[in-house]
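No lab work stands behind these numbers, since they all come straight from the coordinates. Keep in mind that this is a model prediction, so the values were computed, not measured. Note: ideal-geometry Cβ built from the backbone for every residue, glycine included; neighbour counts use all protein chains shown.
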Amino acid sequence: MLFDFQAVDQEGSTLEGDVNAPSEEQARWLLRKEFPNLRRIVWIRPQLVGKPTILRVPYSEVVIFYRRLAVMLEAGVSIDRALMFSQNRARVPWPNFSSVFTRTCPKGTISWWP
């Protein structure tokens, strides 16, 4: 299991990073072993499973996306429909694009269609 940490050494410098250990106790032990001049560990916490990753999209696709979105919004298309249409027309697939709405918008605030 990976743990993120922040610590301070004897000179007052801040150390940040991650350590691989089966438990938090062992992660602390490994940090003290690896950095003998460690003054204190400020915090240590397990890394989130499924940590967000950056999806690289070509600049030209971003430009096309925003142009289409602007035209549809100016024409009176609702934002949820405009976004879904833009996602379906993209040359680069956007995995789980619609899940962004279900995680960030309260139920019933976006109208879904079949």
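The table below lists the values:
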{"item": "Most to least packed among 74-83, 33-42, 19-28 [average Cβ atoms within 10 Å]", "result": "19-28, 74-83, 33-42"}
{"item": "Order of Trp43, Trp29 under a 10 Å beta carbon neighbour criterion, fewest first", "result": "Trp43, Trp29"}
{"item": "For the range 36-47, Karplus couplings with θ = phi - 60° (6.51, -1.76, 1.60), whole Hz, Gly/Pro x", "result": "x, 8, 6, 7, 7, 9, 5, 8, 8, 8, x, 5"}
{"item": "Calculated FRET efficiency for the pair Arg81/Trp43, C-beta based, R₀ 25 Å, to 0.05", "result": "0.05"}
